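To keep things clear, I will list the structure first and then write my remarks on it.
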Amino acid sequence: MNKHKVVHGHGTAKHNLPINRCFACGPDNPDGMHLKFVYDEATHRFRCKFRLPNRYWGPPKHAHGGIIATILDEAMGKVNKIRQVIAVTSEMTVNYLKPVPLGKWLVAEGWEEKVEGREHYNLAEIRNESGEVLARSRGKFIAVDPERMFAKYLAKSARVKR
């Protein structure tokens, strides 16, 4: 049996941000999607099972393309946790293969393609319950130092929490 670990937000063993308001996975965002990914140690993949409500409507009874891209970006972004880095999306391509239905169980899965220095290349897919691939993506992520990149925002967050 594969081991699964629940992975929350953007914190890693090295960096923990004070709050997580990420639209896709943030528990501190009341308007967010609240996606919950688990890490499968055997396959080195992150997986999320979810259903999309009608508020993400695009074509009739199907998800908006921007929501599909958001889910794929999140699945690929989680993969950077394997190397315990914070990395931001630099480039992303999305292949919309079939309409992604609302209200049905779906699975998003992300995995690593390769790493070249600070550049992390990851892949992701959204599949239906039958395993059919509905959308896929490839992304390039750049590893950053979050304390340096977000210092002024982190300082404000710390002051607000007091």
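Each residue in the stretch 52-67 was checked for being surrounded by fewer than 17 Cβ atoms within 10 Å (Cβ to Cβ) and not in a loop (DSSP other than H, G, I, E, B), and 5 pass.
One residue stands out in the stretch 68-92 among those that are of a type in the set (S, T, N, Q) and at pLDDT 95 or above: the one that is surrounded by the most Cβ atoms within 10 Å (Cβ to Cβ), namely Asn80.
Of the residues making up the stretch 71-113, those that are touching a His at 6+ places or on another chain (Cβ under 8 Å) and farther than 17 Å from Glu41 by Cα are Val85, Ile86, Ala87, Pro99, Val100, Pro101, Leu102. Listed by first and then second residue, the pairs linking a residue in the stretch 75-86 that is over 22 Å from Arg136 (Cβ atoms) to a residue that is at pLDDT below 95 and assigned to a loop (DSSP other than H, G, I, E, B), with Cβ atoms under 6 Å apart and 6 or more places separating them unless they lie on different chains, are Gln84/Thr12; Gln84/Ala13; Gln84/Lys14; Ile86/His15. Do we find that Phe46 is among the aromatic types (Phe, Trp, Tyr), at pLDDT 95 or above, under 11 Å from the mean Cα position of the chain (by Cα) and surrounded by 13 or more Cβ atoms within 10 Å (Cβ to Cβ) in this structure? Considered against the rule, which asks whether it is among the aromatic types (Phe, Trp, Tyr), at pLDDT 95 or above, under 11 Å from the mean Cα position of the chain (by Cα) and surrounded by 13 or more Cβ atoms within 10 Å (Cβ to Cβ), Phe46 comes out as yes. For Leu106, the test of being of a type in the set (A, V, I, L, M), touching a helix residue (DSSP H, G or I) at 6+ places or on another chain (Cβ under 8 Å) and surrounded by 13 or more Cβ atoms within 10 Å (Cβ to Cβ) is failed. Scanning the stretch 111-162 for residues that are more than 15 Å from Glu91 (Cβ to Cβ), of a type in the set (Phe, Trp, Tyr) and at pLDDT 95 or above yields a single hit, Trp111.
The values are calculated or read from the model by the stated rules, or taken from the named source; none is laboratory data. Predicted model only: the values in this text are computed from it and were never measured. Quick reminder, even Gly has a Cβ in these numbers, built from the backbone with ideal geometry, and neighbours come from all protein chains shown.
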